[in-house]
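First comes the structure, then the notes that go with it.
Values in this text are rule-based calculations from the coordinates and carry no lab data. As the structure is a computational prediction, the values presented were derived from the model and not from experiment. FYI the Cβ positions are ideal-geometry reconstructions off the backbone, even for glycines, and counts take in every protein chain you see.
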């Protein structure tokens, strides 16, 4: 019989107390595993999902808000920029791609964001080495009232290629536009916020009544920012299009078009900071580096929340460790005789000390392994729920390298909490113990 | 294994700080394979003497010589190892560990000796004390007589040269007293193990050729 066998027997003898203390460790570890896995998924989601673009250009205001709104479809849009500003960025010789985004509307049920954009958006990598793929039977949008939807939208709303939908103006569910858009393509899952996006053709977006900026406001804005005063495009020069409802829609004059944001890819990385600085100098817009902004978010908010959660769960594990200490320490007075018998049979002081430490480690590690199983089972059970309710794709088999630290940490904790009871065993007076 | 005690003194400190002398033995000897009974009243120092002989307690002074080796000079660790390998102990209250089965209690005695745990030997010992059918039973499921037989098997597990028995029949019923006594004596005879049995029972003492009264050679208050 080795020390572990002997320690295991002692644990089994006090099965109820041992089970409860191991369970408290298990719950702490399960919580920590869950926090680590979810934190990792959220971090990956924020740090990878939009590295395909070098800059996000939008109205002056919070750079973080601009990035969150444009890339993660979170938060509210700041303000709009004139369409001419988008054209100016697009025509910049250092820019390889400029994708306009018109945001603010939602699907009729208010659950998904409408993104007015151009078909080119789907030709560009949304992450390095990741290009959009379409689910079978669908493809890119061509006509003004065509739409492409993300995988989660299709699954959640039961939409397929050919489905039609309306949009709520400004997210106001009581102000639904009469125009219908037709799903032409469904994106394959990307694990990014694109899965929850409803992309409609920019031309169609501008053809919807209420999306034009009134001319007097245009003039007022242009005057305020010292822009060239826009002139109304003569009606005969504007293109028309017959919508799926049979009505004829007329293209909006450029002067009355606005964009919420512009996603920019530059030809040379060194050009990005130069463009960012030059946009910042102007009165209208700002350019945010999405990676830098998300880095700030992760460091300042997500990182801190993670730290708090990890510290809290670590404290729970420490408390569990204390309960192991209490459990073993309380048992010591009952076990003085047992230890004295072992000593009389020839066990050295170090041996009985080691038995107590082994007992503490077995409880901690046993609880820890149970905690790993519970934690990953929780992640496994929660993954479809999380995926259905958020943008987050949770891999049910996700395993974080940080988890590898937990087991050695538990062994250290067990050794520490086992020290005092171990020393009590070490110091047991054999003659007195046998006489009890 | 022969046992020789020379000039053994042992005292305990009382709560008021004074020393309470327990043992003062100038000479005591037990030959290899010899069986002796030590008689003495309760509180007379019998258990302390067994603890000193087994190395559980170190004497204040003097020598405990086992086969020419003075174990009183050993470190505590060495005494522990020596005890596990050379000395068997049978207690009045059996002192079996409740979490372990009969077989495991015997194996436990082996595991502290530093030698390989010999499971067939443990099974054989339990079979010889009539407990082949009780190997996997815990002490709580056994009668007191059976428990003491397990304790005897455990004491013999490491093939000791000296068996110390502290009132081994005091807690068993009359029927089992003789069985236990015979078992211990025959086992010692068979393996040429020296036996020193402490008792206050004249009935038990009457069965031994050598009967020593502790008071005859222990004079804690003065020169013996």
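How much of the DSSP beta bridge set in region A:49-295 is antiparallel, as a percent to the nearest 5?
Values: 31 of 40 bridges.
In region A:49-295, DSSP labels about 80 percent of beta bridges as antiparallel.
Whole Å is fine, so just give me how far the alpha carbon centre of region B:3-28 lies from that of region B:30-102.
Value for the Cα centre distance between the two parts: 15 Å.
State, as an integer percentage, the relative contact order of chain A based on alpha-carbon contacts under 8 Å between residues 6 or more apart.
On the way: 769 pairs, mean separation 117.7, N = 436.
Dividing the mean separation by the residue count of chain A yields 27 percent.
Gap in Å between the Cα centre of region A:199-222 and the Cα centre of region A:92-136?
If you average the Cα positions of each part, the centres end up 19 Å apart.
With the Cα gyration tensor of region A:49-295 in hand, convert its eigenvalues to equivalent ellipsoid semi-axes via √(5λ) and list them largest first in whole Å.
Largest first, region A:49-295 gives 27, 24, 16 Å.
Looking only at chain B, where both bridge partners belong to it, what percent of the DSSP beta bridges are antiparallel (to the nearest 5)?
Numbers: 18 of 36 bridges.
Among the beta bridges of chain B, antiparallel pairing accounts for roughly 50 percent.
Hey, got the average number of other protein chain Cβ atoms within 10 angstrom for residues in A:330-342?
Details: counts 0, 0, 0, 0, 0, 2, 0, 3, 5, 0, 2, 10, 6.
That average works out to 2.
How crowded by other chains is A:345-356, given as the mean number of beta carbons from other chains within 10 Å of each beta carbon?
What the average comes to for A:345-356 is 6.
How do A:269, B:197 line up, fewest other C-beta atoms within 10 Å first? If you can, show how the numbers build up before the last one.
Numbers: A:269 8, B:197 28.
Ascending Cβ contact count within 10 Å gives the list A:269, B:197.
When a footprinting reagent is the concern and you count Cβ atoms within 10 Å, what order do A:207, A:342 take, fewest first? Present the calculation step by step, with values, prior to reporting the outcome.
Working: A:207 23, A:342 26.
The order, fewest Cβ neighbours first, is A:207, A:342.
Per-residue Cβ counts within 10 Å, from other chains only, averaged over B:89-98: what number is that?
Details: counts 5, 0, 3, 1, 5, 1, 9, 1, 10, 3.
Across B:89-98, the average partner-chain Cβ count within 10 Å equals 4.
Based on DSSP H runs of at least 4 residues, each adding -39500 (n - 2.57), what is the mean residue ellipticity at 222 nm of chain A after dividing by all its residues, to the nearest 500 deg cm²/dmol? Walk me through the numbers on the way to the answer.
Values: 13 runs with 217 residues, N = 436.
Only helices count here, giving -16500 deg cm²/dmol.
Rounded to whole Å and ordered largest first, report the semi-axes of the equivalent ellipsoid of chain A derived from its Cα gyration tensor (root of 5λ).
Numbers: eigenvalues 846, 98, 50 Å².
After diagonalising the Cα gyration tensor, the semi-axes are 65, 22, 16 Å.
On alpha-carbon atoms, Rg over Rh for chain B using Kirkwood Rh? Don't skip to the end; give the middle numbers.
On the way: Rg = 17.3 Å, Rh = 17.9 Å.
So for chain B, dividing Rg by the Kirkwood Rh gives 0.97.
Over all alpha-carbon pairs in region A:277-436, figure out the percentage whose distance exceeds 21 Å.
On the way: 8199 of 12720 pairs.
Cα-Cα pairs of region A:277-436 separated by over 21 Å account for 64 percent.
Sort A:294, A:124 by Cβ crowding within 10 Å, fewest neighbours at the top. Don't skip to the end; give the middle numbers.
Working: A:294 25, A:124 15.
Ascending number of Cβ neighbours within 10 Å: A:124, A:294.
How high is the relative contact order of region A:49-295, in percent, with contacts defined as C-alpha pairs under 8 Å that are six or more residues apart? If you can, show how the numbers build up before the last one.
Values: 528 pairs, mean separation 79.9, N = 247.
It comes to 32 percent, rounded to a whole number.
Which residue, B:124, B:173, B:67, has the most motion in a Gaussian network model of chain B that connects Cα atoms within less than 10 Å?
Top of the fluctuation ranking is B:173.
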